[in-house]
1. List the residue pairs whose Cβ atoms are under 8 Å apart, where the first residue sits in the stretch 182-208 and is in contact (Cβ under 8 Å) with a residue 40 or more places away in the chain and under 22 Å from L161 (Cα atoms), the second is among the hydroxyl-bearing types (S, T, Y) and crowded, with 18+ Cβ neighbours inside 10 Å, and the two are 6 or more positions apart or on different chains.
2. Could you list all residues from the stretch 183-217 that are polar (S, T, N, Q), under 22 Å from C159 (Cα atoms) and in a helix (DSSP H, G or I)?
3. Kindly indicate whether any position in the stretch 72-85 is of a type in the set (D, E, K, R), part of a helix (DSSP H, G or I) and closer than 21 Å to L268 by Cβ.
4. Pull up the stretch 218-251, narrow it to residues that are part of a helix (DSSP H, G or I) and free of Cβ contacts under 8 Å to residues at least 12 places away in the same chain, then point me to the one that is farthest from V106 (Cα to Cα).
5. Taking the stretch 3-14 on its own, how many of its residues are modelled with pLDDT of 95 or more and either in contact with a Leu (Cβ under 7 Å, 6 or more places away or on another chain) or farther than 19 Å from I52 by Cα (or both)?
6. Considering only residues of the stretch 167-176 that are of a type outside the set (A, V, I, L, M, F, W, C) and surrounded by 24 or more Cβ atoms within 10 Å (Cβ to Cβ), which is nearest to the chain's Cα centre (by Cα)?
7. Could you list, in sequence order, the residues of the stretch 1-22 that are of a type in the set (V, I, T) and surrounded by fewer than 20 Cβ atoms within 10 Å (Cβ to Cβ)?
8. Take the residues of the stretch 252-283 that are polar (S, T, N, Q) and not in a loop (DSSP other than H, G, I, E, B): which is surrounded by the most Cβ atoms within 10 Å (Cβ to Cβ)?
Amino acid sequence: MIKSIPDGVYPTMVTPFTDDNKVDYNGVEKILNWYSENGVDGIFAICQSSEIFFLSFEERLELLQFIMKHLPKGMSVVASGHTADDIDRQIYEANAFINEGIDAYVFIANRFAKQDEDDSVFLKNYEKVVSSIPEIGLGVYECPYPYKRLMTPETLRQCALDGRLKFLKDTCCRIEEIKAKLAAVDGLGLKIYNANSATLLESLEAGCAGFSGVMANFHPEIYSWLCKNFKNEPEKAREVQAFLAFASLAECQYYPVNAKYHMGLCGLDIGYNARVKDASLFNESNKKEIEQMYTTEQIFKKLFNIV
């Protein structure tokens, strides 16, 4: 069944790990509840922030099953897990994830064509997979790993014509390109969620539906405020936007380890182990930077009355 995807904030959900490198399911539940308490509208599960390229298929499926079982009331779920190279394997895995009851299944753009292949290859493989899975809402994620394949407005429109494409996690970081995509899919039911903090307000004003980026793992409540209030409080929105853009420099520090460490500062006892990066290299200076960012957030929220 094709469901409507609500506007708003969709954090790219991180995966906590135990000291013996297994998925920490107690931590997963804590993160879900923390997202809900901080005003997000849904989550982007089993994505790159979840370290899916470092999880087996069985781990990805089990993680999604746990998320769906413990999902807070009223929260939407779009999910990926789309890592395989072989098209038949992609179909098999997509069907397994879809069977868990998610609101939309999200394809990773670079899985349908190699870096040196054009969009005709992408469209051929996209159409083959789509024709082999249930009638469900679909999404596309312009994932930067193993290489970033951006959707052109023309290709995006072609994919959206059948009405199934409902979610685009845009990572182009260029407002004019976002506007071109919005124009290309106007009236086709596809919503675009910007992953880039620096262009977020401009993209919302242009017609984007919300935010789906890594920084919603640090202060989702501030992103939620902006998405819900940018029209009614434009002057305050510009000031909030400036804070979010500056704080997003944390993306370049030691993500996702630093996001997990920050969640610890917010009261989540999940540790900061990771598979994608060595958590032992998250040094004293890194920690102090995140601690002081956390302090700055609290001051900012108090000054701007954001709860």
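1. These pairs meet every condition: Y193/Y10; Y193/S212.
2. S203
3. no
4. For the stretch 218-251, the residue satisfying everything is E235.
5. 5
6. Checked the stretch 167-176; the qualifying residue nearest to the chain's Cα centre (by Cα) is K169.
7. Result: I2, T18.
8. N258
The values are calculated or read from the model by the stated rules, or taken from the named source; none is laboratory data. All values reported here derive from a predicted model rather than from experimental measurement. Note that we place each Cβ from the backbone using ideal geometry, even for glycine, and neighbour counts take in every protein chain shown.
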